[in-house]
Amino acid sequence: MIWFLTLAALITATISGILGMGGGILLLATLLSFLPHGAAIPTHAGVQIVSNTTRAIGLRRHIDWQIVLRFTLGATPGMLLGASLLYGIGPMGEGEPYLKVAVGLYILIAAFWPRRPTKKSGTAHRDFTIIGFAAGTAALTVGAVGPLIAPLF
């Protein structure tokens, strides 16, 4: 199983590297097929940190640090709320069935939610604090936040 999951991580990281998105949600679905939620989410986070860091290093000249700062300012309290929600759902694996249903619904909604055309001017810098909060909250419960933030890019 470890070889299969390693291969899945490599393939999904490559998909994200080429397309800019999509690999994380595919990896999450794969991991949840083989691992309990409590193991899948941190495993997913570890793979995504490595994958996204290598991309960020390669594209560092194009990073808008104002956006990174604003996103981080929102994500930090969002992670605290997400941790509280995760603990409230059921510590120590009690909420496993509910969390897997939540992740499954999240994946379906992300795949089929109608997308509106984006404005030509893009998202305002101030909006990234709100986006960071939503992503920070969701990251601990549903794992892959790419579908949540991808429409903004």
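Can you give the extra length, in nm with one decimal, that the chain gains between A56 and I89 once fully stretched, where that is 0.36 nm per residue apart less the Cα-Cα distance?
Length gained, A56 through I89: 8.5 nm.
What's the carbon and sulfur percent of the chain's accessible surface, probe 1.4 angstrom, rounded to a whole number?
Exposed carbon and sulfur together represent 73 percent of the surface.
Report the gain in length on full extension from I49 to L108: 0.36 nm times residue separation, minus Cα-Cα distance, nm rounded to one decimal.
18.9 nm
Heavy-atom accessible area per residue, segment 45-113, 1.4 Å probe: how many Å²?
Per residue, segment 45-113 has an accessible area of 73 Å².
Quick one: accessible surface of D127, probe radius 1.4 Å, all protein chains present, in square angstrom to the nearest 10.
Here the residue's solvent-accessible area equals roughly 50 Å².
Between T14 and A150, what length in nm is gained on full extension when 0.36 nm per residue of separation is reduced by their alpha carbon distance?
Stretched out fully, the T14 to A150 stretch lengthens by 47.3 nm.
The values are calculated or read from the model by the stated rules, or taken from the named source; none is laboratory data. Everything numeric here is computed off the predicted structure, so don't read it as measured data. Heavy atoms of the whole protein, side chains included, go into the accessibility calculation; ligands, DNA and RNA do not. Shrake-Rupley method; radii C 1.70, N 1.55, O 1.52, S 1.80 Å.
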